[in-house]
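Since the structure comes first, as structure tokens, the remarks are kept for the end.
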Amino acid sequence: MTNHLGDIQNAKSIFIVGANPAVNHPVGFRHFLKAKENNGAKLIVVDPRYTRTAAKADYFAQIRTGTDIPFMYGMMNIIFQNGWEDKEFINDRVYGMDLIREEAAKWTPEVVADVCGIKKETLLEITEVYAKNRPGSVVWAMGLTQHTIGSSNTRIAPILQLVLGNMGVSGGGCNILRGHDNVQGATDMANLPTELPGYYPKNEANWKYFAKMWKVDFEWLQKNFVKPEMMFKPGFTLSKWWAGVLDGKNGNEAVDNAGDSIKALVVIGNGITSTAQQVKVKEGLDALELLVLVDPFVNDAGVITDKKDDVYILPAATQFETSGTVVATNRSGQWRSQVVEPLFESMPDHEILFELAKRLGYYDELTRTIRDAEGKIEWPEVATREIANIIKTIGMTGWTPERLKKHQENWDKFDEKTSLGKPGTVVEGEYYGLPWPCWTEDHPGSPILYDINKSVKQGGMGFRNRFGLEHNGVSQLAADGSAPVDSFVKGGYPEIKKDNIEKVLGITLTEDEKAKIGGSWIHDDSNIIAKKCMEKNIAPYGNARARTIVWTFADQIPLHREPLHTPRFDLAQKYPSFEDKKLQNRVDTKFKSVQLAKDYSKEFPIILTTARLVNFSGAGMETRASMYLSRLTPEMFADIHPELAAKHGIKNWDFIWVHSPEGTKVKVRARVVPSVKPDTIFMPFHYAGYMQGADMTGNFPDGTKPYAVGESANTVTNYGYDINTQIPETKSGLCRIEKA
Ligand SMILES: Nc1nc2c(c(=O)[nH]1)N[C@H]1C(S)=C(S)[C@@H](COP(=O)(O)OP(=O)(O)OC[C@H]3O[C@@H](n4cnc5c(=O)[nH]c(N)nc54)[C@H](O)[C@@H]3O)O[C@H]1N2
Ligand SMILES: Nc1nc2c(c(=O)[nH]1)N[C@H]1C(S)=C(S)[C@@H](COP(=O)(O)OP(=O)(O)OC[C@H]3O[C@@H](n4cnc5c(=O)[nH]c(N)nc54)[C@H](O)[C@@H]3O)O[C@H]1N2
Ligand SMILES: [Mo]
């Protein structure tokens, strides 16, 4: 999130595209309702289903899945034609808007209506309301990301905000509602195949910085890789780990894993049945030599595999049995206290990892900087301090355990709408949880990213200078006159390094400072750069332009490409997917060759989309272990429109088979409801225990079978992965149904 949940109350309009917060973020959704009630905000929802969020909307567009780019280009086309864009913002702070204008011109209301399957009046009405009620907040989550064009979707929505000047303002911004508890913290700490913690790319300079900070030799780190170059390559993604086990055999996609296959899998906090191509996942599990599940529950991975030996479940303690920091959806840090000691023989995850490191022989290196002289680890404070010391990229230096604990203990002293600590309290002048970037130990945190209406010292900043100083001869820095309040430089400036700090800040460093300072702000463990910058109200990362063009991507600007499995084969030919990609995250990944192989819709005419229920979470094991939550939806089902049901002779709660183009199938109940269109069915993905009609629940250890079991939707979600992130296309596929 660029802004925060409370700030949504300041919006004049809210554009929810691909999220269902009434169900998935019900507490956060109260801020949306308050915006509506107290601020008269217009609520706009774009979703292929009529959701509980849509039920609260003033305007609703029921688009076909995977057509958000046409919808938003259609909006921009209307905006440009009427001159509703924010010309000053675009001129001062954006690069590449001309290309967007050209592409948008192709998306006339008639074309959008055809591609999205809506009335053109709906587009016209929504665009006018959103353009005329500023600031507008755009909100999305999985409805935009789980597509082959997911990463383009996540670029088009911010571009819409740039067009309207809705960035860096209270009540505006791109407010991506994060998923799990601490999923923001998990990515901040590099649960990513491509980066080191803090989003540091895996290059030599960054590995060397981390080696120095961890007090280990770079050479020792590199020796742990089978081949030295693997240190710099992206790892497997969660979506495709199994391809590394199957290793290109039996027609499976080719992999590059340094010439070897994956033999052991350690799963910590993932449900496994939540990933696409479940039949492949099962094949991968079956082919492993060792499977270790670190989980407070019986992870379904242990149930869907036929593997009998060398499957272990290590009982992990829950969040209530340990303490530490987590990061909320708005980049705020939160301290969390232990409620009870770990129950029975369970252990917190970090202790399990320490034990693993001991047995693998690198405990000393792993804990070198966090042990005291007696070898004791003051967990979790020492870990929080290490994060603050190392992570400069997103500005975590100010996150001391003391400050975060103080915020946790004084929750009530922050303003709901600004998140600012109230006057006269111990947290006066600080933003709740010190949302990053929090550049120094007295910085208050940054509640709204890219906000130049505040000084940098008070949480303001321009856009980051990340992609060079110029492109195609055009400066990438903000225009003259565009800078945060009280900035020493009254316009754009580059990211701050050792060799430009004196010039940009107009200062002279002492010899002592010169000796201590890092090469650039991201490698400056002395934090001298950040401190000097604060004195001059300069953001260490520069003051640049937001770019609409990503010159290293397959699509330099976002372009519509039909889902791999589309009911509109005519449009697949007009807007085809990407070329197949060799070794994307170590695995060959198919796009066009799958999409254009044939017109799947002849045999599989119905759109299949998946999403969430309010009573279950993720793969579902935790919540299906609750009798009360399970009672609400005790059996796996698919939502089907009454017309479609009637066509197939299906009555409410009949069993049906859902078949996928890959030849897989699931047997589920039919819930006959009008919330989906007659061309679409919806399935939740929270169930497991059955596969293609077969009951596998006999594999649960005695007494651990959850109260609700059923087919996993991911057995029939179709092949398809995002071109950059490899997130599965679980929101847009095709299927065929029949009465069971
Ligand atoms: N109760 C509950 N809450 C949760 C979770 C849970 O499992 N249960 N999971 C958490 C997690 S991990 C996450 S990531 C978040 C996810 O939060 P959301 O993204 O809100 O979750 P979903 O319900 O998967 O999908 C959102 C909406 O996208 C719509 N959609 C599908 N395809 C498209 C499309 O092509 N375009 C558009 N515009 N919309 C589309 C779906 O119909 C759905 O209503 O929720 C979190 N909160
Ligand atoms: N078809 C379809 N598939 C989807 C999605 C979709 O919309 N449609 N959404 C995707 C998304 S956004 C997500 S995030 C995933 C979610 O899917 P998963 O990540 O699989 O979600 P959970 O069920 O929350 O899995 C978490 C596991 O961690 C365990 N756990 C809980 N607390 C702890 C702990 O403290 N330590 C350890 N070690 N384990 C713990 C739980 O018991 C559970 O087994 O699903 C993805 N899959
Ligand atoms: Mo998620």
inquiry  = Scan the range 439-447 and tell me whether some residue there is at pLDDT 95 or above, within 26 Å of the chain's Cα centre (by Cα) and either over 22 Å from MET534 (Cα atoms) or aliphatic (A, V, I, L, M) (or both).
reply    = no
request  = Identify all residues within the range 416-427 that are open to solvent by 60 Å² or more (accessible area, probe 1.4 Å) and closer than 22 Å to LEU449 by Cα; write none if there are none.
outcome  = GLU416, LYS417, THR418, LYS422
key: Single residue of the range 90-108 satisfying the filter (over 27 Å from the mean Cα position of the chain (by Cα) and surrounded by 20 or more Cβ atoms within 10 Å (Cβ to Cβ)) that is nearest to SER482 (Cα to Cα)   = ASP92
message = Looking at the range 443-484 only, could you name the residues that are open to solvent by 60 Å² or more (accessible area, probe 1.4 Å) and in contact with a helix residue (DSSP H, G or I) (Cβ under 8 Å, 6 or more places away or on another chain)?
response = LYS457, GLY481
task = Being out of contact with any helix residue (DSSP H, G or I) (no Cβ under 6 Å at 6 or more places or on another chain) and either within 12 Å of ligand 1 (Cβ to nearest atom) or of a type in the set (Asp, Glu) (or both) is the filter here, so list the residues in the range 155-174 that pass it.
result = ALA157
ask   = Is it true that VAL216 is modelled with pLDDT of 95 or more, closer than 30 Å to GLU289 by Cβ, outside any helix (DSSP H, G or I) and open to solvent by less than 40 Å² (accessible area, probe 1.4 Å)?
value = yes
remark   = Taking the range 152-208 and the residues there that are open to solvent by less than 30 Å² (accessible area, probe 1.4 Å), over 30 Å from ILE78 (Cα atoms) and away from ligand 2 (no atom under 14 Å from the Cβ), the one that is nearest to the chain's Cα centre (by Cα) would be ASP188
note = Every listed condition ((1) of a type outside the set (Val, Ile, Thr); (2) more than 15 Å from ILE557 (Cβ to Cβ); (3) assigned to a helix (DSSP H, G or I)) holds for MET72 save (2)
note = Taking first residues from the range 705-724 that are assigned to a strand (DSSP E or B) and second residues anywhere that are more than 16 Å from ligand 1 (Cβ to nearest atom) and not β-branched (Val, Ile, Thr), the pairs with Cβ under 6 Å that are 6 or more apart or on different chains are GLY710/GLU635; GLY710/TYR690; GLU711/TYR690
Conditions (1) away from ligand 3 (no atom under 16 Å from the Cβ); (2) surrounded by fewer than 17 Cβ atoms within 10 Å (Cβ to Cβ); (3) on the phi < 0 side of the Ramachandran plot; number of the one not met by VAL614 = (1)
message = For the list (1) assigned to a loop (DSSP other than H, G, I, E, B); (2) away from ligand 3 (no atom under 16 Å from the Cβ), I need the number of the one condition that ARG631 fails.
response = (1)
ask   = Do we find a residue being touching a helix residue (DSSP H, G or I) at 6+ places or on another chain (Cβ under 6 Å) and either part of a loop (DSSP other than H, G, I, E, B) or open to solvent by 40 Å² or more (accessible area, probe 1.4 Å) (or both) anywhere in the range 585-601?
value = yes
inquiry  = For the range 523-550, which positions are open to solvent by less than 20 Å² (accessible area, probe 1.4 Å) and closer than 15 Å to GLY398 by Cα?
reply    = ASP524, ASN527, ILE529, ALA530, CYS533, MET534, ALA539, PRO540
query = From the list GLY269, GLY259, which one is within 16 Å of ligand 1 (Cβ to nearest atom) and open to solvent by 60 Å² or more (accessible area, probe 1.4 Å)?
reply = GLY269
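The values are calculated or read from the model by the stated rules, or taken from the named source; none is laboratory data. Keep in mind it's a predicted model, so treat the numbers as computed, not measured. We place every Cβ from the backbone using ideal geometry, glycine too, and count neighbours over all the protein chains shown. Keep in mind that these areas ignore ligands, DNA and RNA; they rest on the heavy atoms of the full protein, side chains included. Shrake-Rupley method; radii C 1.70, N 1.55, O 1.52, S 1.80 Å.
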